[in-house]
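Notes follow the structure.
The values are calculated or read from the model by the stated rules, or taken from the named source; none is laboratory data. From a predicted model like this one, the values you see are computed outputs, not experimental measurements. When we count neighbours, we look across all protein chains shown, and the Cβ atoms used for this are built from the backbone with ideal geometry, even at glycine. Surface areas here come from the heavy atoms of the whole protein model, side chains and all, with no ligands, DNA or RNA. Shrake-Rupley method; radii C 1.70, N 1.55, O 1.52, S 1.80 Å.
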Amino acid sequence: MAGDRGLLEYDGQTWNQFKGSEGYTRSLSVASDSIVYTGSDLDFGVWKKNELNQFVYTSLYPFNKDPNKENEEFWNVCQINAKVIFVSFNNIYVYKNEQLTKIAAPNRFAGCFQGENKMYLADEKNGLYEFNGIELKLVFPFPGAVPFHISGVFETQNGLLVITKNSGLFKYNSGKVVPLENAVSGLLKKDQVFCSTQINNTYFAFGTILNGLYITDINGNIIQHVNRKKGLLNNTILSMHHAANGILWLGMDYGIAAMHLYSNLTYFFDYQGDYGSAQSALLKNGVFYLGTNQGLYKAEWRDLNNGVNTKPFSLVAGSEGQVWTLNDVNGTILCGHDKGLFVVSGNTMQRIYSEPGVWTILPFKEKYLLTGNYNGISVFNLIDGKYTFSKKIDLILGSCNQLIIEKENIFWVNIPNYGLIRFSLDSAFFPQDRKIFPSSSFSGGALYILKDQKGINLLTSEYRYLYNREKNQFIKQGPNVLPGQVSGLQEGNYIPIQLNDHYQFYPIYNGFALSNTSIVPQSKTQDYSVLVRSVEAFNNQTRQLISSSASVPFLLNNLRFNFIVPHKKKVLYQYKLEHYSKQWSNWTGNTSIDFLNLAEGNYTLKIRAQIDEATTKISEVSFRVLPPWYRTKLAYLAYVVLAILLFLLIRERQNFRLREQKKLMLKKEQDSLRRQAEKYKQEAMLLKQQQLEHEKSALKQQVKHKSIELAKQAKENENKNRLLHLLKEKIDTLQHEPGSKMRWAEIKRLLDLYLETEDKTFEIQIDELHQEFFQKLRDQFPDLSLYDLRLCAYLKIGLNSKEISEILKVLPSSINVSRSRLRKKLNLRQDEDLYGYLNQIR
């Protein structure tokens, strides 16, 4: 599409813009999928797709670098055989084989129209010219020398059909220009034609300035009229194009529109609030009845196919309110309404049942009628050709929006948000054998029951279930496939209403849709293919578009593929990446795929689509993911060279080391002998030192034993003294006895002499053993007493408190107190060991 800022491309989902010439792009001609010619202000040129599927512009206008020489706007581009013609008001430029030929206008060109192997040019003064690619030839001058604005020219079997802006239609044949008088010509005079196109040599489309689009047959009969009231953004149509896929594209004063001319679906939207959202419909005797949320409307069936009348519907009197269902029962139209049950007759309705809310109507045994209501089920009898209320069925309560018959007297009722009830009716219409199937036992919402050749089916928003009579339960059959091509379908509507042999009715939001089953969808007659729009390689920092068959760096081994079947909706896609997966993926509606962290190798992505249950041919994209640099062939070659060099280097290093080792052998032997001699010397010194240490240890042990022996001797002496004292006391006692005084006095003197002789042997020996130790203590701590010094000696030789107390004839607790006082005199901290400290003093 030609746009304000270059070329626009649209695939039915995404718009892409490509910048080219600086001026507004005014016209274009598509040569192929990859080549487009455009004309713009002061320039014209060609767009070609590169390997990345991106259009690149090349100017062909010879004066684009010097715009002062010419001042042209190229408002049309046509193709004749191998020639491309760029048209401005003053000239045409013929491009062929990279050569340009300029042909001047007779006066001023006002229009350009494509013919078969030729083109037609309207000169604003002289008339209509024909250009065959070589020269201009006058076809006819303006009738009566009165110019009119030509908007289109078409070649027909009866000559040329000439469309004018505001003078209607003309036919040129046998040298005569004759005005046409048909159904559309008068309307075109009034609405002012700006553009036109031919549709498959069968229809004509006229775009007007004031009143939208007219589509007619070759005789000028209006087939369709579409304007703003029927959905266009505005009524001014400035350009149009009929594509090969049946879409009529409209370029308007504001926006772009697309009309699917060959679709089997027709949408009727209530843009003006005339009838609302449809709920039910009925076609009878050429009259179309439409039940909506606003009431019951009727229209002539033929008026729905002709867009001239924009308001074909009229409200049936007395039907205001919600209409739920319409049924033709034995020739009588019954209407289930929010206000009750009505009989429709002509333009009026008659109420036959006043209970509010009739959801559904079910004829039963010719003379009975059952209705599902907001609350329960009602029974009606046919009496004298009229239905009369009989009774309410017991035990069935709630909003019964569906009621169907399975066989004979077995029924099913659907109660929203509750579930399904299967029951039978006896002759008195009393329900028996009731079986409840709660809605919570089914996956999905919006339950809908129907009967077909398989039996009773249940449809939900997710799955389809089939009732198994033997097991008396529903069996899941698979996903529920909704009507694929209908957009805006109201929730819970899975099955269309059959109006006649060819048309089906679908309720949609803010309107309704009609499906013509006699029209075969193009997806079953046309070869569609999946178009791969782009391939993008990326990582966390970089994104890069790549072409088909490209090699992708390993650093960008995450790939995204964007694809689409152009201008088709409700399409499902399936893909398989060879060398990555052997299985086809599940069908999906996504139009992009991401493959992450692909290993190096060659890949082929295969994509196919499913449209209206028809599968397209497979589209393929091949590419290669390069290995990382450390796994490339060059890297492996470098590894081999490095390995050889490393081998040679190691071998040379080994030879060098052998030579060095030979030189060092003698020196090592000499050093070894010297070290051995030193080792022997050190070992001898070590042995001697160990012997001295052993002797020292033995001496210490001997000193300890001697000290203990001295202590024991001292104890024995003490015991002897204690005994002598005892004897002395006894003798003192005997002295007072008569006759023994002299003798015992002599004995007492001897004992006193022995006791007064103090045994200092132990103290003398201790002092002699530790003279050097005592001297060092006195030098460092002059305040130490002899008792303190001896206590230090006892502690140094390893005596404990109990052993010392026995030597000194005191309690062990006194020794502990003496030790504490000694620690203070020696200035020791709480964490310092007294025994270790004393042994440090040599």
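Rounded to the nearest 10 degrees, the inclination of helix 633-735 to the longest alpha-carbon principal axis of the chain is 40 degrees. Convex hull volume per residue, computed on the Cα atoms of the chain, equals 489 Å³. Looking at the stretch 16-101, the trypsin sites (Lys or Arg not before Pro) that sit in a DSSP loop and have at most 10 other Cβ atoms within 10 Å of their own Cβ are LYS65, LYS69. Mean silhouette area of the stretch 159-267, derived from the convex hull of its C-alpha atoms and averaged over all directions, reads 6.8 nm².
Label sites at ARG434 and LYS633, each approximated as a point 7 angstrom past Cα along Cα to Cβ, lie 8.2 nm apart. Can you give me the C-alpha center-to-center distance between the stretch 101-154 and the stretch 10-49, rounded to a whole angstrom? Value for the Cα centre distance between the two parts: 25 Å. Computed from backbone phi with θ = phi - 60° and the Karplus coefficients 6.51, -1.76 and 1.60, the 3J(HN,Hα) list for the stretch 592-605 is 8, 10, 10, 10, 10, 6, 6, 6, 5, x, 9, 10, 9, 8 Hz; x is used for glycine and proline.
Summed over all non-identical Cα pairs, the Kirkwood treatment of the stretch 563-709 gives a radius of 25.0 Å. Between the helical axis of 786-796 and the longest alpha-carbon principal axis of the chain there is an angle of about 50 degrees.
Put simply, the C-alpha atoms of the stretch 144-189 give a gyration tensor, and the ellipsoid matching it has half-axes of 16, 13, 10 Å, longest first.
Diffusion of the stretch 410-459 by Stokes-Einstein, at 25 °C in a medium of 0.890 mPa s and with Rh set to the Kirkwood radius over alpha-carbon pairs, works out to 208 µm²/s. The slack in the chain from ASN655 to ASP274, taken as 0.36 nm per residue of separation less the alpha-carbon distance, amounts to 126.7 nm.
A Förster radius of 45 Å combined with the Cβ-Cβ distance from GLN682 to ASP831 puts the calculated FRET efficiency at roughly 0.75. In terms of the mean number of neighbouring beta-carbon atoms within 10 Å, the peptides 816-828, 655-667 order highest first as 816-828, 655-667.
Within the stretch 223-272, the ratio Rg/Rh, alpha carbon atoms throughout and Rh by Kirkwood, equals 0.95. Helical runs (DSSP H, four residues minimum) scored at -39500 (n - 2.57) apiece and divided by the length of the chain put the mean residue ellipticity at 222 nm at -7500 deg cm²/dmol.
Rounded to the nearest 10 degrees, the angle from helix 771-780 to the longest Cα principal axis of the chain is 60 degrees. When each of the peptides 606-619, 776-789 is scored by the mean number of other C-beta atoms lying within 10 Å of its residues, the order from highest to lowest reads 606-619, 776-789. In this calculation the C-beta distance from TYR374 to LEU138 is compared with R0 = 56 Å, giving a FRET efficiency of 0.15. Protection proxy ranking, highest mean first, for peptides 691-698, 283-290, 627-634: 283-290, 627-634, 691-698, where packing is the per-residue count of other beta-carbon atoms within 10 Å, averaged. For the stretch 51-192, the extents of the C-alpha atoms along the principal axes are 51, 36, 29 Å, listed from largest to smallest.
For GluC sites (Glu not before Pro), the sites in the stretch 793-842 that DSSP calls loop and that have at most 16 other Cβ atoms within 10 Å are GLU832. Taking the Cα centre of the chain as origin and assigning +1 to Lys and Arg Cβ atoms and -1 to Asp and Glu Cβ atoms, the resulting dipole is close to 3080 debye. Overall shape of the stretch 192-318 was characterised from the C-alpha gyration tensor. The equivalent ellipsoid obtained from it has semi-axes of 29, 16, 13 Å, in decreasing order. Residue separation times 0.36 nm, minus the C-alpha to C-alpha distance between ASN347 and LEU397: what's the value? Result: 14.6 nm gained on full extension. When Rg and the Kirkwood Rh are both derived from Cα coordinates, the Rg/Rh ratio for the stretch 766-816 amounts to 0.98.
Shape analysis of the stretch 273-334 yields a ratio of the Cα radius of gyration to the Kirkwood radius, Rg/Rh, of 0.96. Solvent-accessible area per residue in the chain equals 57 Å², computed with a 1.4 angstrom probe and all protein chains kept.
Near GLN690, once Lys and Arg are set to +1 and Asp and Glu to -1 for all other residues with Cβ below 14 Å from its Cβ, the sum equals -1.
Compared with the alpha-carbon gap, the fully stretched path from ASP452 to SER34 is longer by 145.4 nm at 0.36 nm per residue.
Remark: the Cα gyration tensor places the stretch 164-225 in the oblate category, a/c being 1.5 or greater and a/b not exceeding b/c.
When a 1.4 Å probe is rolled over the protein heavy atoms, the share of accessible surface on the chain that falls to carbon and sulfur comes to 50 percent. Pairwise alpha-carbon distances in the stretch 5-66 exceed 17 Å for 35% of all pairs. Between GLU22 and ASN234, the FRET efficiency estimated from the beta carbon spacing at R0 = 30 angstrom works out to 0.60.
Largest first and in whole Å, the equivalent-ellipsoid semi-axes of the stretch 15-105 read 21, 15, 11, each the square root of five times a Cα gyration tensor eigenvalue.
For a modelled paramagnetic label at LEU180, 7 Å from Cα along Cα-to-Cβ, the residues of the stretch 122-166 in reach, with backbone nitrogen under 12 Å, are 152-164.
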